[in-house]
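Below is one structure, written out as structure tokens; comments come after it.
The values are calculated or read from the model by the stated rules, or taken from the named source; none is laboratory data. Computed from a prediction, not measured in an experiment: that's the story for all the values here. All Cβ positions, even for glycine, are placed from backbone atoms using ideal geometry, and neighbour counts span all protein chains on display.
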Amino acid sequence: MRTIDWVDDHIELIDQTKLPGELVIRKVTTLDDLIDDIQRLAVRGAPALGVAGAMGVALIAQGNPDRATLESEAQRLANARPTAVNLSWGVKKTMEKADGGFPALLEEALKIRDDDIASCYSMGQYGADLMDELLDTDTYRIMTICNTGGLACVERGTALGVIQTLFERGKLEEALPVETRPLLQGARLTAWELTNMGAPFRLICDSAGPFLLSRGAAQAVFIGADRIAANGDSANKIGSFSLSLGAKAAGIPFIVVAPESTIDYSTATGADIPIEDRGSEEVANFHGVRTAPEGTQAINPAFDVTPTSNITAIVTDRRVIRVDRGETPQTTPLGEIRAK
């Protein structure tokens, strides 16, 4: 099942706010509904947001607006979430076909969808091969954060896609997803995907991650990314930076997995990445149940930034960038998309 797709004349997507309790497929027919779904995290994950941006442009164009309206509505979509560069990338790339009208825009959106599926298989191959290069062992224990599987893409995933490839190769001893506060995407979504995969895993609370790394619980940490700066600094779900510190102290690989579209060459370093604060309610409440006293204010950054000094490698769909050897996205040549 695809996380997001174009069906007939509309977008269909899995409402991730309902998981794991129920699997709900939403039919999205208006831009306002799509923006709402993006902002309330019914659809989330950098690659999935890129596809949502692309299909959202097609959705706008289907109403045959004038060019000025198409451009202004597309920009409104691109601004729906600030940190994940894939959303604006998907909008911009699709808008390059605007002169061809709705048919050309839809064709480009579907190409972005298909390219995302291919890139996830490719990242799995590159990432699994890297593990064999880095570690001399038959099986691996991998820690990860948030959700980077098929729910964050169209199919399969980024960091979790590498874990799936290791599992399919018979090399996954255990996955250790952290629960991922405040919305528990690790507990609700990654654990759901690992269960469906049939892969061995144990769930841990966020604050246990660095300590468990110091005790040898995992041999590597895999994370996704919502934006990678030109120098390799990587923004990902809040808590990633803490895991990078734990991995560095434990002397184990810390690997970022994301498609080439997540690299933003216009952003020089992680200091230039805007960090979305999602407000107090997500921290003071959970699923409508208040967990903190009324009136409690919270600091709630959705993302943090891991500097290159804490990163071993960046795995994309077209290459492995060995950051620990001084390589950067700007200096490492592109390779080919790997076959399934």
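Can you confirm whether S266 is out of contact with any strand residue (DSSP E or B) (no Cβ under 8 Å at 6 or more places or on another chain), surrounded by 17 or more Cβ atoms within 10 Å (Cβ to Cβ), polar (S, T, N, Q) and not assigned by TED's automatic domain parsing to the domain that holds R44? Answer is no for this residue.
When you look at S261, is it out of contact with any Lys or Arg (no Cβ under 6 Å at 6 or more places or on another chain), in the same structural domain as G161 (by TED's automatic domain parsing) and assigned to a helix (DSSP H, G or I), yes or no? Talk me through it step by step, then tell me what you get.
Working: out of contact with any Lys or Arg (no Cβ under 6 Å at 6 or more places or on another chain): yes; in the same structural domain as G161 (by TED's automatic domain parsing): yes; assigned to a helix (DSSP H, G or I): yes.
Yes.
With respect to being without any contact (Cβ under 8 Å) to a residue 24 or more places away in the chain, farther than 24 Å from P182 by Cα and touching a helix residue (DSSP H, G or I) at 6+ places or on another chain (Cβ under 6 Å), A61 falls outside the description.
Within segment 171-188, does at least one residue satisfy the condition of being in a strand (DSSP E or B), in contact (Cβ under 8 Å) with a residue 60 or more places away in the chain and either in the same structural domain as G279 (by TED's automatic domain parsing) or charged (D, E, K, R) (or both)?
Taking segment 171-188 as the starting set, the residues that turn out to be in a strand (DSSP E or B) are 172-178.
Now drop any that are not in contact (Cβ under 8 Å) with a residue 60 or more places away in the chain, which leaves 178.
Now restrict to residues that are either in the same structural domain as G279 (by TED's automatic domain parsing) or charged (D, E, K, R) (or both): 178.
For segment 171-188, residues in a strand (DSSP E or B), in contact (Cβ under 8 Å) with a residue 60 or more places away in the chain and either in the same structural domain as G279 (by TED's automatic domain parsing) or charged (D, E, K, R) (or both): present.
Which one is nearest to M131 (Cα to Cα) among residues in segment 310-340 that are touching a residue at least 40 places away in the same chain (Cβ under 8 Å) and of a type in the set (S, T, N, Q)? The residue in question is T312.
Of all residues assigned to segment 288-305, none qualifies as being touching a residue at least 40 places away in the same chain (Cβ under 8 Å) and more than 19 Å from the chain's Cα centre (by Cα). Taken over segment 197-227, the criterion of being surrounded by fewer than 24 Cβ atoms within 10 Å (Cβ to Cβ) and within 21 Å of P47 (Cα to Cα) is satisfied by M197 alone.
For segment 1-24, the candidate set comprises residues that are under 15 Å from V57 (Cα atoms) and touching a residue at least 40 places away in the same chain (Cβ under 8 Å); within that set, the residue that is surrounded by the fewest Cβ atoms within 10 Å (Cβ to Cβ) is D9. In this entry, T94 passes the filter for residues that are under 28 Å from A302 (Cα atoms) and among the β-branched types (V, I, T).
A quick yes/no check of all residues on (1) in contact with a strand residue (DSSP E or B) (Cβ under 8 Å, 6 or more places away or on another chain); (2) over 20 Å from A235 (Cβ atoms):
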site: A52; (1), (2): yes, no
site: G56; (1), (2): yes, yes
site: I60; (1), (2): no, yes
site: L70; (1), (2): no, yes
site: A78; (1), (2): no, no
site: D116; (1), (2): no, no
site: Y121; (1), (2): no, yes
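Might you check whether a residue that is at pLDDT below 95 and not small (G, A, S) occurs anywhere in segment 183-198? Yes; the residues of segment 183-198 include at least one that is at pLDDT below 95 and not small (G, A, S). Residues in segment 26-47 that are out of contact with any Gly (no Cβ under 9 Å at 6 or more places or on another chain) and among the hydrophobic types (A, V, I, L, M, F, W, C): 3 in all. Of everything in segment 123-166 that is assigned to a loop (DSSP other than H, G, I, E, B) and of a type in the set (D, E), the residue that is surrounded by the fewest Cβ atoms within 10 Å (Cβ to Cβ) is D136. Against the conditions (1) out of contact with any Gly (no Cβ under 7 Å at 6 or more places or on another chain); (2) surrounded by 18 or more Cβ atoms within 10 Å (Cβ to Cβ), G50 satisfies every one except (1).
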